[in-house]
1. Any residue that is surrounded by fewer than 15 Cβ atoms within 10 Å (Cβ to Cβ), at pLDDT 90 or above and part of a strand (DSSP E or B) - is there at least one of those in the stretch 54-66?
2. Give me a count of the residues in the stretch 224-269 that are modelled with pLDDT under 85, under 30 Å from residue 210 (Cβ atoms) and not in a loop (DSSP other than H, G, I, E, B).
3. If a residue must be out of contact with any helix residue (DSSP H, G or I) (no Cβ under 8 Å at 6 or more places or on another chain) and buried (at least 20 other Cβ atoms within 10 Å of the Cβ), how many such residues does the stretch 223-232 contain?
4. In the stretch 111-141, which residues are without any contact (Cβ under 8 Å) to a residue 24 or more places away in the chain, farther than 30 Å from residue 210 by Cβ and not in a strand (DSSP E or B)?
5. Of all the residues that make up the stretch 287-304, how many are surrounded by fewer than 19 Cβ atoms within 10 Å (Cβ to Cβ) and in a loop (DSSP other than H, G, I, E, B)?
6. Give all pairs with beta carbons closer than 6 Å in which a residue from the stretch 185-198 that is over 15 Å from residue 215 (Cα atoms) meets a residue that is at pLDDT below 85; count only pairs at least 6 apart in sequence or on separate chains.
7. For the stretch 328-343, give me each residue that is surrounded by fewer than 21 Cβ atoms within 10 Å (Cβ to Cβ) and part of a strand (DSSP E or B).
């Protein structure tokens, strides 16, 4: 094979580590008036006689006719149907085959009917069918403690972790071969503690159509964009909201332990989801109040980015997007003997305003 062809194949498929572009950005100006969230329904999660008895929900995933909930308190993954009926658990706690110690993240492998669960105890990934059947353990090139992860349609695992050199990395790994296809440095060594301990606030999304990865750190205003085909960083985008990030890492330093980190109060990213339309929804929590949040809708990210503020109706911070709808987990009230409910919203334009 000619050398030129080998070089091209390496560029497309080979392992390649690159750093984020620091000197270019697209500043997104927020529009004064934007869409609103309209509550269109609620799915009550039934509590059967012998059921999950949910404790502390850390993630909600919607796939076809199922709602998959990861319970951080019970260390379990529970499945409900789209009407809220409890169906079954996926895996169980233990040391045996198909068991996990600390399930941290779950994600769906598109078009396969499979769910991947990251076990933060031994640092491994388990693969199950949507019905709960254990399939296998996904082999990674090395033991990694994953921060965030998702699976692309071409069966690649997109994930973040702290590498041995202590940099924060974003990596693309083939689930078929276990080989790393690309690596990108997204956080310098000096901020590794923040990268690891504030992992639940990282934003990660992937545009299948345009082959672009979006990644955001909770303490930065910028959203990184990575062209997966060319394996390089595009110009990053910044939404100019006056209340955005207020944490100054240079002043805080990197010597704080996890207890100190958990007590820090600063405006931070709290959620990033990509709609099927290619529009992106951002949620921020502002430091001036635990209930002060902001929803921003980013549009036209591959052409001329624009942003609109959204009237915030979300009362809880666990939500996801599926299709063109938003699914938010609402915990039960103190006097309710239930598992809570899933509220379903859709974006609507204010009356009298032009459509985008």
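The values are calculated or read from the model by the stated rules, or taken from the named source; none is laboratory data. Predicted model only: the values in this text are computed from it and were never measured. With ideal geometry, Cβ positions are generated from the backbone for all residues, glycine too; neighbour counts draw on all protein chains shown.
1. no
2. Matching residues across the stretch 224-269 total 2.
3. Here the count works out to 5.
4. 121, 122, 123, 133
5. The qualifying residues number 10.
6. Going by the 6 Å Cβ cut-off, the qualifying pairs are 190/254; 191/249; 193/254; 197/258; 197/261.
7. Those that are surrounded by fewer than 21 Cβ atoms within 10 Å (Cβ to Cβ) and part of a strand (DSSP E or B): 330, 341.
Every residue, every condition in (1) modelled with pLDDT under 95; (2) out of contact with any strand residue (DSSP E or B) (no Cβ under 9 Å at 6 or more places or on another chain); (3) buried (at least 23 other Cβ atoms within 10 Å of the Cβ), yes or no:
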| site | (1), (2), (3) |
| --- | --- |
| 155 | yes, no, no |
| 160 | no, no, yes |
| 163 | yes, no, no |
| 170 | no, no, yes |
| 177 | yes, yes, no |
| 183 | no, no, no |
| 189 | yes, no, no |
| 192 | yes, no, no |
